Every structure is written in C-alpha cells, then in structure tokens.
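Trainee: Just dropping this structure here.
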C-alpha cells in the first residue's frame, strides 16, 4: 500500500509524563522552531482534526496534536473540569521538553487553552481561540438541545455531524461532507482509539461547569497577556459568534475574525484561509 504523506501518514507516538500518564500524539512539519500545539474539540481525538488544515499549518511550522488524559489512546481517566484538563496538557508539553509554544484551541480545547494561558503564562507566546467562549458567560450552560442531541449520543451520524459543525447552505453542507471524507476515510490504518462514553460525560460535565453563569469570572481574562486571535464561523449554533466578540473585548490584546457561511467547523471549511491567517498572526 502506498505510504501517505502529511497528517494522514503521521505516525502515532507516545510519551510518558511525570504525572504517570502516557500521552498519545502526532507531530509533523519542520522542527527547530517554536511548536504550535493543538487542543481538539468535544469528544475529539487525533483523527478528528481535518488533515487538510493540519497539513496547511505544518507547511510552515512544527505542529503537535495530542490526546489529553483519558482521551483516545492516552491513559488515565478524563477529568471533569477544564482546570484539570489544562494542568494535564501542561504536563504533556513539559514531557516533550518544550519551554515555549504557540497554542491553538478549538471548542472545548479553546476553554483549556484559556486556562493554560492563565495558569502558565510563560509557556504560551501567542494564543489562537477557535469557536470559543469565556468562562461564566451567560447562555453557555451546556450546548443547545439540538446540538447535544446530535453530537452527544453514543453514535453521531454524518448528517448530525454536518448539522452541528456546518450551516444549512448547500455550500457549507458540501464542505462538511468533504471534511467527513478526509477525517473518516483518509486514514484507514493506525487510527487513534475512539473516545469513550466516560470521556463524553466527563467533558460535558466540564462544559456545564465552565458555562455556569458567573460574571465575576469574566474578569479573569484581563490577565491574559498573550496576543490572541479569536475566530469562528458567522453562523455557529453550538457556540454563538457573539461570544467571540465578548472574549476579544475581555482579553487586552485580542482581535476577532468571523468566516462567512460557516459554523462551528469553520476552520475545516475554510482550512486554507484560516491556516494563512494563523501563520500571519503567529509570524507578526
């Protein structure tokens, strides 16, 4: 069988950390510079990243994806708080021997990224928050019923995935089915272990705690020192786009971009444009 290049052919690797966890990860792109570490969405594992996006990011930089504790092939039990997920992610970065990284968090991964930037500010140079919201924001206590009904079940159908991550337009739906093909059919060997039902429940517990309204918690983001790129689709029904503007107003050095005719999965639908925007931001 012909070997696949890029993220589809990236080998699964593991590393042991001081917290007793063995982390599963993949790493592609030119090494020697500052790595870009990625934090995936709700219930996601190494295979839930669109390889088109990862390859576009890895054209210019060292890109690292990983399974946090209890997720996919990483050992341990998934914690039920964003704070502990952040601590666990820091332990992974430390195990790799990295002193400074750029950090990109997507959805629940963006919540974790915020916590890492606050808890270990010296570790993160720049921050990219995709499909995000701040802790304690009103209206964020769990996903809307149609979203958790589609994406929170033991099995998600292609139609439900497209509904949750893309808009109702023909163009966005077509893009969604293209993403599904790349994610689920592109890599046929050495796929990551699927996420468990326990991971689903623990992560949703964490989402509910994160989204419990508390206006006082919004003030925490004034302490984020890193330049921050906040991005989302203009029609995200899972994490509404106005949260992007809210979080950018709370972080001192942040700006927002909303991508047209796209939703939660905008970074896959607009993979080339988003990757170019990330490169421009990180290189500035």
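The values are calculated or read from the model by the stated rules, or taken from the named source; none is laboratory data. Worth saying up front: this structure is predicted, and the values here are computed from it rather than measured. Virtual Cβ from ideal backbone geometry, glycine too; neighbours counted across all protein chains shown.
Trainee: Do the conditions hold for residue 35, that is, is it within 19 Å of the chain's Cα centre (by Cα) and under 15 Å from residue 89 (Cβ atoms)?
Mentor: On the way: within 19 Å of the chain's Cα centre (by Cα): yes; under 15 Å from residue 89 (Cβ atoms): yes.
When the stated conditions are applied, residue 35 passes them.
Trainee: Can you name every one of the helices (runs of 4 or more DSSP H) wholly within segment 171-284 that holds 3 or more residues which are surrounded by 18 or more Cβ atoms within 10 Å (Cβ to Cβ)?
Mentor: Numbers: elements: 197-211, 215-218, 242-250, 266-269, 271-283.
Of the helices (runs of 4 or more DSSP H) lying wholly inside segment 171-284, those with at least 3 residues that are surrounded by 18 or more Cβ atoms within 10 Å (Cβ to Cβ) span 197-211, 242-250, 266-269, 271-283.
Trainee: Residue by residue through segment 1-32, note down the ones that are in contact with a helix residue (DSSP H, G or I) (Cβ under 8 Å, 6 or more places away or on another chain) and exposed (fewer than 11 other Cβ atoms within 10 Å of the Cβ).
Mentor: Within segment 1-32, 3, 18 meet the criteria.
Trainee: Filter segment 12-51 down to the residues that are closer than 26 Å to residue 179 by Cα, free of Cβ contacts under 8 Å to residues at least 60 places away in the same chain and outside any loop (DSSP other than H, G, I, E, B) and list them by number.
Mentor: Correct list: 13, 26, 27, 28.
Trainee: Ok, one more. Right, residue 176: within 17 Å of residue 48 (Cβ to Cβ), out of contact with any strand residue (DSSP E or B) (no Cβ under 9 Å at 6 or more places or on another chain) and modelled with pLDDT of 95 or more or not?
Mentor: In short, yes.
Trainee: What's the total number of residues in segment 118-163 that are in a helix (DSSP H, G or I) and closer than 22 Å to residue 266 by Cα? Can you show your working first?
Mentor: Filtering segment 118-163 for residues in a helix (DSSP H, G or I) gives 118-119, 121-123, 145-151, 158-163.
Subsequent filtering for residues that are closer than 22 Å to residue 266 by Cα retains 145-151, 158-163.
Qualifying residue count for the region: 13.
Trainee: Output the residues belonging to segment 78-103 that are touching a helix residue (DSSP H, G or I) at 6+ places or on another chain (Cβ under 7 Å) and closer than 19 Å to residue 134 by Cβ.
Mentor: 81, 82, 83, 85, 86, 89, 103
Trainee: Among the residues of segment 144-153, are any closer than 30 Å to residue 252 by Cα, surrounded by fewer than 19 Cβ atoms within 10 Å (Cβ to Cβ) and touching a residue at least 60 places away in the same chain (Cβ under 8 Å)? Talk me through it step by step, then tell me what you get.
Mentor: Going through segment 144-153, the residues closer than 30 Å to residue 252 by Cα turn out to be 144.
Right, trim to surrounded by fewer than 19 Cβ atoms within 10 Å (Cβ to Cβ) and you get 144.
Subsequent filtering for residues that are touching a residue at least 60 places away in the same chain (Cβ under 8 Å) retains 144.
Checking segment 144-153: at least one residue is closer than 30 Å to residue 252 by Cα, surrounded by fewer than 19 Cβ atoms within 10 Å (Cβ to Cβ) and touching a residue at least 60 places away in the same chain (Cβ under 8 Å).
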